[in-house]
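Here the structure comes first, spelled out in structure tokens, and everything after it is commentary.
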Amino acid sequence: MLEAVQQPRSPGSGGRRQSRQFIDGAYGDAATGRTFDQVAPATGQVVGQVQEAGRDDVDRAVTAARQALNGPWGKLTLEERCQLLYKVADGITARFDEFLAAESEDTGKPYSLARHIDIPRGAANFKIFADTVRNVASKSFEMATPDGAGALNYAVHVPKGVVAVVCPWNLPLLLMTWKVGPALACGNTVVVKPSEETPATATLLGEVMNEAGVPPGVYNVVHGFGPDSAGAFLTEHPDVDAITFTGETGTGEAIMRAAATGVRDVSFELGGKNPGIVFSDCDLDKAIEGTMRSVFANCGQVCLGTERVFVHRPLFDEFVERLKVGAEALTLGHPTDEATQLGPLVSEVHRSKVRSYYDLAGQEGATVVTGGGIPQMPSDLAGGSWIQPTIWTGLPDDARVVREEIFGPCCHVSPFDDEDEVIARANDTNYGLAAALWTENVSRAHRVARQLDAGITWVNSWFLRDLRTPFGGMKQSGIGREGGEYSLEFYTETKNICIKL
Ligand code: NAD
Ligand code: 6OD
């Protein structure tokens, strides 16, 4: 049965959330007849059921996206499209509390975080990209011709077509809309595959699209897993024109292989093992506050987070001591409690992975400054995937804990002696996503920032985002840049039109 509203907690469902496919403007069950459980990471309780899409469901979604592109959506003017996207932004804001509750339940992230970051950015991603695309200027070139009359060349941007958007679980609404916003603003239609861990906000967004009057088929959602499931079926689908993906580097490799068939374009935001560099000429209070956020925000599940901290030797002992005090003061608790600063990891599976690194750190000879285990939680949270914030010192740069992305609330801190040394050590990684520098010396900030292998380097800040700026990773942290007008390079084809005068 198809419905315009997904009825998140229908009476017959025992109060559980139902995450259904959203295809061609209507919610429906998957043709597979298969569902899987949605588990709240804070409690370990099953809080909903998710429909698992098969090839037929994905095919229906791609077909709906194609028809909308060739039909009502493709016929709208840029101005009409942007007006609809403003309404989508307003719709998210109007239903702020529902998005907040759904996002927090799925991820375990504290309300105090999602209220200020995830949900507002979900709305802003539609508004800002509508503004960007409305204001893009077209380049033109006049040329001489033998008859002396000349010719005029000008570039126009046209939509790429049907875009597959494959999403991770760490910032579900923020990262999904960061792709869907520019894709739609540029005139494409989308099929979204949210992470199997966090289906709720992408599903809820379907209702907002309908309320805003976005034509059916422009925004579609299919649920499921990666290999042999919705993720693979979508990225392998021959009628998908381009694939934008955020997630692990290994998954990016698999998607790139799928994209090779049909030579489809990809945009990838992948993993990181980001350095934070603290010089002795920093403002220590700022450096501690910023490093605390960059290590522990969202329980360390931020691709831009710092997992390798390098501290100028004269400051090392004091810095480690103050970071320890900060980590031990973090308030763990129910995500809905506004005083909570640290939620659980996203799942039991992810906690096992992070714990394996906690164990490995011991085997590799780390000194555990703080943490390293599972915290004691009150009985209502005891079934959740909680883990202690953890700091290590004493490992060599080639230890696996220092080289591999962990994606948990943990970091290794090591001393350095001079600038050239720390730049070389910071760059000694396959990743190149982000870096944070802490120094009050402006010349040093410029000098070091230019030499770091990082798509974004923050100086005396972290996660300060201006959506007009280029965003993406170097090396194995990604392919391409999105953000502001950079997004047009992926979400549009640039065509040249040459007019003989
Ligand atoms: P993941 O790669 O496991 O999964 C991401 C998505 O890909 C999910 O929807 C999953 O179902 C799907 N998927 C998995 N295998 C697939 C396949 N073979 N074909 C098609 N789809 C497939 O990543 P995750 O665990 O959800 O997220 C954590 C990772 O994401 C970390 O590595 C983190 O660094 C990275 N990340 C990067 C950025 C960035 O901006 N660079 C942002 C957020 C997260
Ligand atoms: O702020 C953004 O636009 C962005 N892409 C953030 C990525 C965070 C990764 O976890």
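The values are calculated or read from the model by the stated rules, or taken from the named source; none is laboratory data. Computed from a predicted structure; not experimentally measured. Reconstructed Cβ throughout: ideal geometry from the backbone, glycine too, with neighbour counts over all protein chains shown. For the accessible areas, the whole protein counts, side chains as well, though only heavy atoms, and no ligand, DNA or RNA atoms are used. Shrake-Rupley method; radii C 1.70, N 1.55, O 1.52, S 1.80 Å.
Numerical summary
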| quantity | calculated |
| --- | --- |
| Centroid-to-centroid separation of segment 63-133 and segment 360-389 [C-alpha atoms, Å] | 36 |
| Full-extension gain in nm, residue 153 to residue 56, via 0.36 nm per residue minus C-alpha separation | 30.5 nm |
| For residue 47, residues with placed amide H under 5 Å, excluding near neighbours | 38, 39, 40 |
| Greater than 22 Å apart at Cα, pairs in 75/500; 139/160; 475/495; 87/495; 87/179 | 75/500; 475/495; 87/495 |
| The chain - share of DSSP beta bridges that are antiparallel (%, nearest 5) | 45 |
| Sequence-distant residues sharing a close amide H with residue 24 (under 5 Å, placed H) | 217 |
| Anisotropy class of the chain from Cα gyration tensor, a/c 1.5 cut | oblate |
| Ratio of the Cα radius of gyration of segment 338-392 to 2.2 N^0.38 Å, where N counts its residues | 1.19 |
| Those lysines that a straight Cα-Cα span of less than 18 Å connects to residue 324, excepting residues fewer than 8 apart in one chain | 286 |
| Computed lengthening from residue 493 to residue 450, 0.36 nm per intervening residue step minus Cα-Cα distance | 12.4 nm |
| Cα gyration tensor shape for segment 177-217, rounded if a/c is under 1.5, else prolate or oblate | oblate |
| Protein accessible area in the chain, 1.4 Å probe - carbon and sulfur % | 52 |
| For the chain, calculated [θ]222 nm from helices alone, where every DSSP H run of n ≥ 4 adds -39500 (n - 2.57) | -11500 deg cm²/dmol |
| Linear extension gain, residue 29 paired with residue 144, 0.36 nm per residue minus alpha-carbon span | 35.4 nm |
| Zone of residue 419's modelled label, taken as backbone nitrogen in segment 430-451 under 17 Å from a point 7 Å along Cα→Cβ | 436-451 |
| Shape box of segment 240-288 [Cα atoms, principal axes, largest first, Å] | 53, 17, 12 |
